[in-house]
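See structure below.
The values are calculated or read from the model by the stated rules, or taken from the named source; none is laboratory data. Predicted, not measured: the structure shown is a model, and the values here were computed from it. A quick note on method: Cβ atoms are made from the backbone with ideal geometry, for glycine too, and the neighbour counts reach across all protein chains shown. Protein only, heavy atoms only, side chains kept; ligands, DNA and RNA dropped before computing areas. Shrake-Rupley method; radii C 1.70, N 1.55, O 1.52, S 1.80 Å.
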Amino acid sequence: MMREPTHHPADETLLRHAAGSLPAGSALVVAAHLEHCPRCRAAVRLGEAVGGVLLADCPETPLAQDALARSLARLEEPESRAPAPAAGAELAPGLALPTALRGLTDGRWRRVAPGIGRIRLDVPGARSGELVYLLRVAPGRRLPEHGHRGQEITCVLAGRFRDASGVYGPGDVAEMEAGADHQPSAEPGEACICLIATDGRLRMRGLLARALQPLVGV
Amino acid sequence: MNPAGPESSEAPRDDAALVLAIATRRDRAAFSALFARYAPRLKTWFLRSGTPADRAEDLAQETMLAVWRRADSYDPGRAAVAAWIFTIGRNQRIDALRRLARPLPDADDPSLAPSAPEAPDDVLDAARDEARLRAALRDLPPEQAEVVRLAYYEDRPHAEIERALGIPLGTVKSRLRLAMGRLRARLSQPASKGGAP
């Protein structure tokens, strides 16, 4: 099985995930990381415990007078929950879709530049401007240097990439602040597959980069 | 993070008994008692998270219905009742936002945990004790408590929160890191002086 990740989301990100206040795309990326990271699952559980205390200490807002009676009348109603989507697509031979992404894609890559494939994800509840996609970068391939107008969060699903801040392998998370620039490249050996959520458009640097801008679809 | 009333250290134990009564006997009186305690607080919670008033009322009721249906999955060894209800309410709200009857997968679902089972965790064990966690939260410096609270109630990026609080970029993040480090440190101490004074 996958090794445990070494690059984790910030405490703030984990806390907001526990609180349910992350944007939908970022929440998916964090969920993909949590599937492989017991340390961050524990951090989220601590956040949920904090949420419990905050809830218990909330002042009360009265409900309608008949609210309890209406709930009691509904107790034996069957629950209408859609079944969990089947495992389905593979992203590469032997690489299953993270559970968090099931039902969101058929796993078909679109080639957007030499050595670069992309799957746009239509994430329910994503806000306008929020962009969620899978990126597959051939071994050794370098992405154009780009900056971020909004925050970006990435979880590596397979292979490795490197940027100025280090090397990221399966399960690792990289968070980029708005305004930061980076130029990631896939490490040699195996294609690097990442799940990425951005909030706000990218700023591509240089002419070539701007020509390649369609690769991330913005 | 209101000061805890004198009864609040008792409540968690009672809550667990109520959930157990629902799980084992489908006890409607126990449900009514839990409803009285949590539904009005859930409604406040949803309102603070930006949910419109009529939806907040619906979500509070839906959450309590889910508490009834899932009572037999409550594990007192994993979470305090308030934390368990909190996560159910959080997922109800997210589902409603996504218009999908499918929450994010439960990170604690054993089928999602391919790595070794979780090691015993002193911090989480202590966090199950609501009174202890409440005391640890109350000990946070005010500026750290504030960023924790904002992470729960404000559905917006921390850059905006920083603007709202008038503090430099990156400060929310570093304050939260300090706050969580402090919480973990407090909770990993022996329990002797835990609980409300």
Item to check | The lone exception for B:Val172 - which of (1) over 19 Å from B:Arg128 (Cα atoms); (2) more than 8 Å from every other protein chain (Cβ to nearest Cβ); (3) at pLDDT below 85 it fails | outcome: (2)
Item to check | Residue list for region B:31-47, restricted to those being within 14 Å of A:Ala69 (Cα to Cα) and either touching a residue at least 12 places away in the same chain (Cβ under 8 Å) or not in a helix (DSSP H, G or I) (or both) | outcome: B:Phe31, B:Ala33, B:Leu34, B:Phe35, B:Ala39
Checklist entry - When you look at A:Ala64, is it of a type in the set (Gly, Ala, Ser) and over 20 Å from B:Tyr152 (Cβ atoms), yes or no? => result yes
Next on the checklist: Condition check: open to solvent by 30 Å² or more (accessible area, probe 1.4 Å) and either at pLDDT below 90 or within 18 Å of the chain's Cα centre (by Cα) (or both). Does B:Arg28 satisfy that?
Outcome noted: no
Checklist entry - Would you pick out the residues in region B:48-59 that are among the hydrophobic types (A, V, I, L, M, F, W, C) and without any contact (Cβ under 8 Å) to a residue 24 or more places away in the chain? => result B:Ala53, B:Ala56
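A quick yes/no check of all residues on (1) facing chain A (nearest Cβ under 9 Å); (2) open to solvent by less than 60 Å² (accessible area, probe 1.4 Å):
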{"position": "B:Ser49", "(1), (2)": "yes, yes"}
{"position": "B:Pro52", "(1), (2)": "no, no"}
{"position": "B:Asp58", "(1), (2)": "no, no"}
{"position": "B:Gln61", "(1), (2)": "yes, yes"}
{"position": "B:Val67", "(1), (2)": "no, yes"}
{"position": "B:Ala71", "(1), (2)": "no, yes"}
{"position": "B:Gly77", "(1), (2)": "no, yes"}
{"position": "B:Ala82", "(1), (2)": "yes, yes"}
{"position": "B:Ile88", "(1), (2)": "no, yes"}
Next on the checklist: So the check is Cβ under 9 Å with 6+ separation or different chains; which pairs have a first residue in region A:151-163 that's closer than 8 Å to A:Cys192 by Cα and open to solvent by 20 Å² or more (accessible area, probe 1.4 Å) and a second one that's aliphatic (A, V, I, L, M) and in a strand (DSSP E or B)?
Outcome noted: A:Arg160/A:Val167; A:Arg160/A:Ala186
Checklist outcome for this item: Sole miss for B:Asp14 among (1) surrounded by fewer than 22 Cβ atoms within 10 Å (Cβ to Cβ); (2) more than 19 Å from the chain's Cα centre (by Cα) is condition (2)
Next on the checklist: Consider region A:118-139. How many of its residues are at pLDDT 90 or above, in a loop (DSSP other than H, G, I, E, B) and open to solvent by 50 Å² or more (accessible area, probe 1.4 Å)?
Outcome noted: 1
Checklist outcome for this item: Going through region A:3-15 in order, the residues found to be outside any helix (DSSP H, G or I) and within 7 Å of chain B (Cβ to nearest Cβ) are A:Glu4, A:Ala10
Checklist entry - So which of B:Leu42, B:Leu97, B:Leu34 is modelled with pLDDT of 90 or more and either more than 10 Å from chain A (Cβ to nearest Cβ) or surrounded by fewer than 22 Cβ atoms within 10 Å (Cβ to Cβ) (or both)? => result B:Leu34
Item to check | Every pair of residues 6+ apart whose Cβ atoms lie under 6 Å, when the first sits in region A:9-36 and is over 22 Å from B:Ala83 (Cα atoms) while the second is small (Gly, Ala, Ser) | outcome: A:Gly25/A:Ala126; A:Gly25/A:Ala197; A:Ser26/A:Ala197; A:Val29/A:Ala197; A:Ala32/A:Ala100; A:His36/A:Gly171
Checklist entry - What are the residues in region A:16-49 that are at the interface with chain B (Cβ under 7 Å from one of its Cβ atoms) and of a type in the set (Gly, Ala, Ser), if any? => result A:Ala19, A:Gly20, A:Ser21, A:Ala24, A:Ala27, A:Ala31, A:Ala42, A:Ala49
